[in-house]
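Structure, as structure tokens:
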Amino acid sequence: MLIISNYQKQYPGTDTPVLSITKLELAAGCYWIKGENGSGKTSLIKSIAGLLPCTGEIAVNGLNIRNNRMGYTKIVYYAEAEPQYPGFLTGKELMDFYFATKKGHLPHKLIKGLGVDQFMNSKTAVYSSGMMKKLSLVLGFTGNPALILLDEPLIALDAAAVDTLQHTITAYCNQGISFIVTSHQPLDNSIVKVDAGFIIKDKTLLKENQ
Amino acid sequence: MKAAWNILSKIMVKQFYIANAGFFLFLFLFFFGIVQAGQLIWYHHSLMLAMISSPLFLFIVMTAWLLYNCKCILFCTSVIQSGNGGFLYMLRALPFSKQLLLYVFVGTVLYLPVLAYACILATVAYTTGAAIVSVQVAAYQLLMIIISTTAIYSAINKTGESAVTKLVATLGSLLSIRIGYHAFLITYILHSRKVTFAVVKLFSLLMLSMLFVRNSDSFDTDLFSIFYPLTITAHAALVLHCVDFNETLLQCNRNLPLHWLKVACMYLLTWFIILLPEAAFMLINNHGNMPVDIIILQSMAAVACLLLFTGMAYACGLDMERYLLFVFMVYIILLILQKSAGHLVTLAAFSALALAVFQSHYYSFEREK
């Protein structure tokens with residue numbers, strides 16, 4: 001499903017890369033990436049999402065981010081850790097925009113389950129951090145994904161929303177959609193079956209039992 | 001009473017005018033900026049005479065006034081219903097007459113821009129013998145103030161929504177414009193960069209006034225070719241703000257299947273709209289000093305120039321110093337190119353360069369730390 005080769009991420013004005021991955025191949029499934037603050041989890045996930053430029057090759061289901069960016073971004077989705085949106089837009093306007101570009105379908109169950117339908121017609125300027133997070137998750141599931149990248153999906157969510165999200169992840173996994181999740185909080189393994197865990201240590205990605 | 005007025009003027013009146021500064025600036029430029037100063041009174045007098053003589057035109061104008069009044073009422077009711085305005089329910093303790101007086105003040109001050117124009121219209125109508133139109137206009141203004149006063153009174157005193165508030169809210173939702181992708185940047189400028197926008201436009205129109213209005217009898221093409229690019233260069237500040245916005249609050253767009261050309265088109269459309277007042281000003285105040293096709297070519301080159309600034313903002317990772325250096329270099333190149341190669345070549349060269357720079361730097365953009 002995901003192939004990463006010769007990946008390296010170095011920020012401008014810095015001497016050393018924050019993360020290097022020589023080769024990584026992941027089959028379809030749910031994966032959990034752990035690591036200390038600043039270890040490079042978000043950099044990796046943003047690189048896979050196409051938000052950050054990097055060296056090396058990243059491909060999902062045979063679509064390379066460099067050679068076929070449009071096709072790649074149609075199947076790789078991302079929900080950020082601390083979402084920010086323009087205050088003058090409503091959640092509905094953002095959802096319509098994502099839906100128009102990604103096509104596919106709106107995650108109606110998740111919208112209802114997280115209660116986003118209650119506030120989506122208000123401007124994001126009045127959203128709390130929890131509401132922003134819920135909107136970001138809905139946007140991350142909007143369309144027709146093959147891989148969903150969730151950066152710290154559990155922070156700022158209430159208990160009911162955490163439960164809804166975990167059940168949604170399981171339901172999507174059962175449909176063959178893959179997940180890469182970075183989280184300091186563990187997912188409930190009675191709901192979500194994690195296929196493998198990874199840890200970022202010494203600026204590289206290691207499988208957890210290595 | 002004075003204390004209550006102080007609070008209301010700060011929380012409603014002042015905030016309304018701050019929040020809508022961009023809207024008022026746009027209206028001001030639209031009504032007063034594009035007409036030559038000497039013809040301003042004549043222009044508005046003619047407009048008013050047209051309103052007086054044409055019932056359809058007057059109806060359209062009155063509808064616009066109603067919409068503006070709805071905007072004012074919606075602002076007041078949203079303040080009252082917001083968390084910050086919760087304490088305003090204390091005003092219920094005031095006697096009915098004092099409350100009414102307060103809300104008449106608020107409604108009138110918010111409605112003042114329309115009221116002032118309407119008063120002049122009523123006077124012109126009366127002096128030209130159209131007494132009925134004059135009374136109609138005056139009565140309509142009274143009705144508008146009664147509506148706004150009732151809506152504010154109801155919002156503060158009723159626990160449920162009043163019929164007027166519901167009507168206004170329904171009107172507001174019917175009239176609310178959905179913001180699509182191509183309007184994101186222009187909305188951002190008018191919403192969050194009002195002051196920068198106002199300063200740039202004032203500078204720009206001041207420059208053009210000097211060239212086209214003050215020196216219309218002795219129009220100097222050489223001066224124009226120096227100062228017009230300068231007004232375009234002043235817009236570089238807006239470009240930087242927009243790229244910063246797009247790469248901060250809309251950074252997730254990079255995870256969407258948006259082709260770079262579509263993103264470039266969003267910028268292009270924004271710069272086209274932003275530069276419309278300058279183009280309109282030059283065309284209206286030209287008086288044969290410059291061929292119209294040259295003005296159109298110049299305006300198109302200006303849009304291409306702003307797209308080039310956009311590409312450069314990406315190329316230098318939003319680093320202000322490098323960006324300003326690039327902008328200065330572009331200004332010099334623009335001066336030289338226009339003088340030596342002509343307007344069409346300048347337009348073609350800037351368009352090609354702008355697209356090339358944008359295409360090569362958009363996906364590899366990374367903010368300088």
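The values are calculated or read from the model by the stated rules, or taken from the named source; none is laboratory data. The structure presented is a predicted model; accordingly, all values stated were derived computationally and were not measured. In this analysis, Cβ positions are derived from the backbone assuming ideal geometry, glycine residues included, and neighbour counts consider all displayed protein chains. The protein model used for the area step is the full one, side chains on, heavy atoms only, and it has no ligands, DNA or RNA in it. Shrake-Rupley method; radii C 1.70, N 1.55, O 1.52, S 1.80 Å.
Listed by first and then second residue, the pairs linking a residue in region B:38-63 that is under 23 Å from B:ARG214 (Cα atoms) and touching a residue at least 40 places away in the same chain (Cβ under 8 Å) to a residue that is open to solvent by 70 Å² or more (accessible area, probe 1.4 Å) and among the small types (Gly, Ala, Ser), with Cβ atoms under 6 Å apart and 6 or more places separating them unless they lie on different chains, form an empty list.
Just to be sure I understand, how many residues within region B:80-99 are part of a helix (DSSP H, G or I), closer than 20 Å to B:LYS2 by Cβ and open to solvent by 60 Å² or more (accessible area, probe 1.4 Å)? Here the count works out to 8. Within region B:181-210, can you find the residues that are hydroxyl-bearing (Ser, Thr, Tyr) and more than 13 Å from the chain's Cα centre (by Cα)? Once the filter is applied, which keeps residues that are hydroxyl-bearing (Ser, Thr, Tyr) and more than 13 Å from the chain's Cα centre (by Cα), region B:181-210 yields B:TYR181, B:SER204, B:SER209. Taking region A:26-71 as the range and being hydroxyl-bearing (Ser, Thr, Tyr) and within 14 Å of the chain's Cα centre (by Cα) as the test, the residues that pass are A:TYR31, A:THR42, A:SER43, A:SER47. If you go through region A:158-181 and keep only what is among the hydrophobic types (A, V, I, L, M, F, W, C) and touching a Leu at 6+ places or on another chain (Cβ under 7 Å), you end up with A:ALA161, A:VAL162, A:LEU165, A:PHE179, A:ILE180, A:VAL181. Hey, does region A:70-83 have a residue that's in a loop (DSSP other than H, G, I, E, B), aliphatic (A, V, I, L, M), at pLDDT 90 or above and under 29 Å from A:SER20 (Cβ atoms)? Yes, some residue in region A:70-83 is in a loop (DSSP other than H, G, I, E, B), aliphatic (A, V, I, L, M), at pLDDT 90 or above and under 29 Å from A:SER20 (Cβ atoms). Residues in region A:72-92 that are within 10 Å of chain B (Cβ to nearest Cβ) and over 17 Å from the mean Cα position of the chain (by Cα) were compared, and the one that is most open to solvent (accessible area, probe 1.4 Å) is A:LYS92. Among the residues making up region A:7-42, those that are surrounded by fewer than 20 Cβ atoms within 10 Å (Cβ to Cβ), out of contact with any Asp or Glu (no Cβ under 8 Å at 6 or more places or on another chain) and within 14 Å of another protein chain (Cβ to nearest Cβ) are A:GLN8, A:GLN10, A:THR14, A:ASP15, A:THR16, A:PRO17, A:VAL18, A:GLY38.
Is it the case that some residue within region B:92-108 is in contact (Cβ under 8 Å) with a residue 24 or more places away in the chain and under 20 Å from B:VAL61 (Cβ atoms)? Scanning region B:92-108 turns up at least one residue that is in contact (Cβ under 8 Å) with a residue 24 or more places away in the chain and under 20 Å from B:VAL61 (Cβ atoms).
Of note, B:GLU321 satisfies the criterion of being within 14 Å of another protein chain (Cβ to nearest Cβ), open to solvent by 70 Å² or more (accessible area, probe 1.4 Å), without any contact (Cβ under 8 Å) to a residue 60 or more places away in the chain and in a helix (DSSP H, G or I). For region B:255-279, filtering for residues that are open to solvent by 10 Å² or more (accessible area, probe 1.4 Å), assigned to a helix (DSSP H, G or I) and either within 11 Å of chain A (Cβ to nearest Cβ) or among the hydrophobic types (A, V, I, L, M, F, W, C) (or both) leaves 10.
Counting the residues of region B:339-369 that are crowded, with 17+ Cβ neighbours inside 10 Å, in a helix (DSSP H, G or I) and within 14 Å of chain A (Cβ to nearest Cβ) gives 2.
Those strands (runs of 3 or more DSSP E) of region A:93-210 in which 2 or more residues are hydrophobic (A, V, I, L, M, F, W, C) and surrounded by fewer than 21 Cβ atoms within 10 Å (Cβ to Cβ) occupy A:196-201. The one condition from (1) more than 20 Å from B:ALA354 (Cα to Cα); (2) open to solvent by less than 10 Å² (accessible area, probe 1.4 Å); (3) within 12 Å of chain A (Cβ to nearest Cβ) that B:THR248 does not meet is (2).
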